[in-house]
Amino acid sequence: MFARLLSFLLLVPAVRADAPPNAAALDQIAPAMQKYMAAHDIAGAVTVVGRSDGFTHVTAVGFRDVDAKKPMEKDTLFRIASMTKPITAIGIMILADEGKLGPDDDVAKHLPEFRNQMLVADRGKDTLTLKKPARPVKLRDLLTHTGGLASYPPGVDDVYARRNRTLAETTLAAALRPLDFEPGSKWAYCNSGIDTLGRVIEVVSGESYEAFLQKRVFDPLGMTDTTFYPTADQMKRLAVTYAKDKDGHLVAAPDSLIGLPPHPKHPIPAGGPVSCAADLARLYRTMLNKGTLDGHRVLSERAVAEMTRTQTGDIQTGFVDGMSWGYGWAVVKEPKGVTEMLSPGTYGHGGAFGTQAWIDPKRDLFVVLLIQRTGLANGDASPMRKTLQEIAVKAVEK
């Protein structure tokens, strides 16, 4: 335990000397999260509020395992699910920085199985009419969920739970299905598209998706507990995932949505790894620092700017009002509702187990909510997220 605590302290920088005078307001986070525990909405939470230069406030409340009475710790691991999608996009943009690909490339340039992909023109009761799309799917379409890729077919659609197929196999399955709509014409959240980007990383880099991210992102940033394949020791620190039963009580639901079986074949670029507060703080500080941290440049400033600006024009996107999409990141176009306290241009991503992380460059602020809950009506609109953001924004306002 001492070794893990020491590791955490080394990863999370000390509070800066000129922290805002009202930083003590962040102490309101713990009692606020405890109210959600009392309402049986969550078993516990780890939260992070940070800035680019190292001011980092971390709070752990409740239990990571209620039945075993194991408390939530600052180094508890969480399944971050779709918070992985921006990390996959970072991998793509690293290769773009190196001139090995570009967002405007046709996917088929790197994955020939996508050549001559067809589009669904009409679905009848017993018929399916196909036509050629106006243009092929581009990498930018996959990065923004505007590619029109279909979900995985039967026989492959259980891959997230079983992890029994390779990225090459799932990408081929996606390529052989006709598109649901014209590329670039609308937004539809697409896991198969993000997984396909993971396969692009493999083909272009000549390395496995996981090895590439380890070498180019996790290692340089000191993200020592972020992994697609947790060890036995790491599994002991993993928070239990909970759902609500018919009586409104929390019950363990450890195998929901994304499995963690032994010896998995599929990393799930759309949502596979586990991570912790310290690691995610380093990632989001890197984004606030325009691609660099502690002397390690992961992305160019240009790549960060392209990733975090609206790339979807006026297309309606996201799970809450006022959103747009960049490359891998959801971008707040018009703050309203759950985002009303954030600045335009704030970007981030949530995950299927209620996790959330949002970066407000205008305020030099990021917030991270780590919980493990299934069955939330909409994690992006959760009251826990809104409460954390409200406290964080008030704490940094002069």
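The values are calculated or read from the model by the stated rules, or taken from the named source; none is laboratory data. Since the structure is predicted, the reported quantities are computational estimates derived from the model, not experimental observations. Heads up, the Cβs are rebuilt from the backbone with ideal geometry, glycines too, and the neighbour counts pull from every protein chain shown. Side chains are part of the model used for accessible areas, which takes the heavy atoms of the whole protein and leaves out ligands, DNA and RNA. Shrake-Rupley method; radii C 1.70, N 1.55, O 1.52, S 1.80 Å.
Below is a table of values for the structure above.
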read-out: Any hit, region 43-51, residues being in contact with a strand residue (DSSP E or B) (Cβ under 7 Å, 6 or more places away or on another chain) and open to solvent by 70 Å² or more (accessible area, probe 1.4 Å); value: no
read-out: Qualifying residue in region 346-358 (condition: part of a loop (DSSP other than H, G, I, E, B), under 22 Å from Met72 (Cα atoms) and open to solvent by 10 Å² or more (accessible area, probe 1.4 Å)); value: yes
read-out: Among (1) within 30 Å of Arg165 (Cβ to Cβ); (2) out of contact with any Phe, Trp or Tyr (no Cβ under 8 Å at 6 or more places or on another chain) - the single one Gly322 does not satisfy; value: (1)
read-out: Residues (farther than 26 Å from Lys85 by Cα, of a type outside the set (Lys, Arg) and not in a loop (DSSP other than H, G, I, E, B)) located in region 102-151; value: Val120, Ala121, Asp122, Leu128, Thr129, Leu130
read-out: Residues (without any contact (Cβ under 8 Å) to a residue 60 or more places away in the chain and part of a strand (DSSP E or B)) located in region 64-73; value: Lys70, Pro71
read-out: Test: Ser185 is among the polar types (S, T, N, Q), out of contact with any Leu (no Cβ under 9 Å at 6 or more places or on another chain) and under 18 Å from Leu119 (Cβ atoms); value: yes
read-out: Candidate set: region 135-170, residues that are polar (S, T, N, Q) and surrounded by fewer than 24 Cβ atoms within 10 Å (Cβ to Cβ); chosen: the one nearest to Thr88 (Cα to Cα); value: Thr166
read-out: Residue list for region 33-42, filter: in contact (Cβ under 8 Å) with a residue 24 or more places away in the chain and open to solvent by 10 Å² or more (accessible area, probe 1.4 Å); value: Gln34, Tyr36, Met37, His40, Asp41
read-out: Within region 74-101, tally of residues that are open to solvent by less than 60 Å² (accessible area, probe 1.4 Å) and part of a loop (DSSP other than H, G, I, E, B); value: 4
read-out: Whichever residue in region 215-235 is open to solvent by 70 Å² or more (accessible area, probe 1.4 Å) and among the polar types (S, T, N, Q) and, among such residues, is nearest to His296 (Cα to Cα); value: Thr224
